[in-house]
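Quick notes on the structure that follows.
Bear in mind that the values in this text are calculations on the coordinates, not laboratory data. Predicted model only: the values in this text are computed from it and were never measured. Every residue, glycine among them, receives a Cβ derived from its backbone with ideal geometry; neighbour counts consider all protein chains shown.
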Amino acid sequence: MAERQRVLITVKTYPLPSEKYLELVCTAGMLEDGSFIRLYPVDYRYQPYWRWYSKYQWIEVEVEKHDKDPRKESYRPRVETIQVLGKPLDTANCWAARKAIVLKQLPASMETLRELQERDGTSLGLVKPREVTDLIIEPDSEEWKLKWKADIEQLRLFGPDRKPLEKVPFKFRYCFTCEDERCKGHTMMIEDWEVGQLYWNQLKRLGNAEKAAESVRKKFLGELCRADKDTHFFVGTVLKYRTWIVLGVFWPPKEGTVKARTPRPSATPSLFDT
Ligand SMILES: [Zn+2]
């Protein structure tokens, strides 16, 4: 049975090729009570522009519990019913409007999330790292895996016009610890769409793949995880492998740190806010 839900989008992953849907984006967000919902699949870039939504934007959409995806929070959206409501929530007052929803979810440790995963199929969570120790860059294949390449080729020949979907030739992983006495540290892949976007923008600007990857590190480690940020990770599982990955970063300034840096008002939207 379909129900209409109001969702604050908090996560969009880099698109993956798909035979059936052209390409897939994992979108997740929160309901008004702060509980998580995953909207899957969404062929985001192939939807008309008025159905495009940004992070921290409210949408309304009809959803049905996903029949083939046992993860607790997964719902199949009827993409044709997506309605985007107003502008994305801004970052004024240390992200007050965003925090009012996102922080209704109590941060958990990865250890607790794994327990919940076994117990009730939990597959999304908010983690507040105790310390983010590194962001590892690892060269990866420049091509999509063979099965996906075959799908792309098939669609190129017989399907509708495809938008270019390039494979990022690096893997990026966060190394962090959480507030849990059982914690031995984690190394987790980052699948945020913004990582890919930033990589391509920087490649265009710098003309060098390694330098572009290094600017991703600079932004996602040096800025988003800096000591004056109250950094949280949105984490989620991969359906096929049940492993946890970082889906996105929530990085409001720590309250009290903004006043010290008077020349820059906290309301200044950055490249990453929409
Ligand atoms: Zn841990």
(request) Could you pull out the chymotrypsin sites (Phe, Trp or Tyr not before Pro) across region 35-91 that fall in loop regions by DSSP (anything but H, G, I, E, B) with no more than 15 other Cβ atoms inside 10 Å? (result) Trp52
(message) Residue by residue through region 219-226, what is 3J(HN,Hα) from phi via Karplus (6.51 cos²θ - 1.76 cosθ + 1.60, θ = phi - 60°)? Round to whole Hz and write x for glycine and proline.
(response) 6, 7, 9, x, 9, 5, 10, 5
(message) Strictly over 25 Å apart at the Cα level, which of Lys55/Lys99; Lys12/Lys145; Lys55/Lys218; Lys184/Lys211; Lys99/Lys240; Lys167/Lys254 would you flag in this model?
(response) Lys184/Lys211; Lys99/Lys240; Lys167/Lys254
(request) Note down the Stokes-Einstein diffusion coefficient of region 3-85 in µm²/s, whole number, using a Kirkwood radius over alpha carbon pairs, 25 °C, and 0.890 mPa s. (result) 194
(request) Could you pull out every residue, at least 5 positions away or on a different chain, whose amide H is within less than 5 Å of the one on Asp134? Hs are placed 1.01 Å off N in the peptide plane, and Pro or chain starts have none. (result) Cys175
(message) Amide H of Cys178 versus every other amide H placed in the peptide plane: which residues, excluding those fewer than 5 positions away on the same chain, fall under 5 Å?
(response) Arg130, Gly185
(request) Would you kindly derive the ³J(HN,Hα) couplings of region 236-242 from the backbone phi angles with the Karplus curve 6.51 cos²θ - 1.76 cosθ + 1.60 (θ = phi - 60°), listing them in order in whole Hz, with x for Gly and Pro? (result) x, 9, 8, 3, 5, 9, 6
(request) Mind checking region 29-75 for GluC sites (Glu not before Pro) that DSSP puts in a loop (not H, G, I, E or B) and that have at most 13 other Cβ atoms within 10 Å? (result) Glu32
(request) Calculate the spin-label point distance for Tyr49 paired with Glu223, positioning each point 7 Å from the Cα along the beta-carbon direction, and give it in nanometres. (result) 2.6
(message) Using the Cα centre of region 3-85 as the reference point, and only Cβ charges (+1 on K/R, -1 on D/E), how large is the resulting charge dipole? Debye, rounded to the nearest 20.
(response) 160
